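Readers should treat all values here as calculations from the given coordinates under stated rules, not as data from a laboratory. The shown structure was predicted, so the numbers you read here are calculated from the model rather than taken from an experiment. Here the Cβ positions follow ideal geometry from the backbone for every residue, glycine too, while neighbour counts run over all protein chains shown.
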Ligand SMILES: [Zn+2]
């Protein structure tokens, strides 16, 4: 029997230091508590590859309870760290300062912040240049800019997909907002809801989400008829669906 030279080393135990940081396999991970910033009923953990574990918790959660939850999620945390080692997942910036990387329609763009009296945002040559007064909330300015970009991009996309597929007789009512768990949905009243974060993903993936929601106007559930429609209008939709999973991490950013 062949035996490899590798020696089995048991993983080092996870240790938590006063809920400020934890150490897992010799790696230090900062713990950022975001307590009560939103009305939520349970604790949610999300890992950011900058080495940060975000802990969103209801206001009354005790430190002891949080420690238990983190310990219980150790296997999940190890998997997250491993996933990000490959480096193909797209992440959001933890700080909005010059040099950080943002995403616009699937392309990375460097954020550049300049001090000036008037607030302006310009996107060119793979840069998002934000001009703003000292101490201006850069994160909020960028998110507002994304919202405006989404208005234009989604308007054109919904129009184009609707016309080319002929699925509906008229354009549907649509809205967009930053959402944390889904890229799109449609309500029983016939409104299509798109996630504003979609302006960060490649156009073809946006097309795929819009088509998906349009098909729901014809087929409510994800049955065979629904996928027949998807396959007919976008034979390679699965490829774009897979692209979207690379951007899934963007949904964990808290947008103010
Ligand atoms: Zn669906």
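Each pair of Cα atoms in the range 147-203 enters the Kirkwood radius, and Stokes-Einstein at 20 °C and 1.002 mPa s then converts it into a translational diffusion coefficient of 181 µm²/s.
Averaging over every viewing direction, what projected area does the convex hull of the Cα atoms of the chain cover, in nm²?
Numbers: hull surface 79.3 nm².
About 19.8 nm², averaged over all directions.
Mind running the shape call on the range 116-179? Use the C-alpha gyration tensor, a ≥ b ≥ c as the square roots of the eigenvalues: rounded below 1.5 for a/c, prolate if a/b tops b/c, oblate otherwise. Prolate, since a/c reaches 1.5 and a/b exceeds b/c.
Compute a Gaussian network model of the chain, connecting alpha carbons closer than 10 Å, and tell me which residue from 102, 89, 19 fluctuates the most. Maximum among the listed residues: 19. Normalised by 2.2 N^0.38 Å, where N counts its residues, the alpha-carbon radius of gyration of the range 205-251 equals 1.16.
Could you work out [θ]222 nm for the chain from helices alone, using -39500 (n - 2.57) per DSSP H run of at least four and dividing by all its residues? Round to the nearest 500 deg cm²/dmol.
Taking each H run of at least 4 residues, the total per residue is -11000 deg cm²/dmol.
Helix 203-218 against the longest principal axis of the chain: what's the angle in degrees, Cα atoms only, rounded to the nearest 10? So the inclination is approximately 60 degrees.
DSSP beta bridges in the chain, what fraction antiparallel, as a percent rounded to 5? Write out the running numbers ahead of the final one.
Values: 24 of 41 bridges.
If I count the DSSP bridges inside the chain, around 60 percent turn out antiparallel.
Distance between the modelled labels on residue 15 and residue 72, one decimal in nanometres: 2.5 nm (7 Å Cα→Cβ projection). Axis angle, to the nearest 10 degrees, between helix 74-85 and the longest C-alpha principal axis of the chain: 60 degrees.
A quarter of the convex hull surface defined by the alpha-carbon atoms of the range 15-85 gives 4.5 nm² as the mean projection. Taking the alpha-carbon centroid of each part, what is the distance from the range 144-169 to the range 187-209 in angstrom? The two parts, judged by their Cα centres, are 8 Å apart.
With the cut-off at 17 Å, report for the range 101-143 the share of all Cα pairs above it, as a whole percent. Summing the P(r) of the range 101-143 above 17 Å gives 25 percent of all pairs.
With neighbour counts taken as other beta-carbon atoms within 10 Å, the residues 186, 215 rank, fewest first, as 186, 215.
Relative to the longest principal axis of the Cα atoms of the chain, helix 237-246 runs at roughly 40 degrees. For the range 133-256, the fraction of C-alpha pairs farther apart than 20 angstrom is 44 percent.
When N is the residue count of the range 48-178, what does its C-alpha Rg come to as a fraction of 2.2 N^0.38 Å? The partial results should precede the final answer.
Working: Rg = 19.9 Å, N = 131, 2.2 N^0.38 = 14.0 Å.
Against the compact-globule rule of thumb, the ratio is 1.42.
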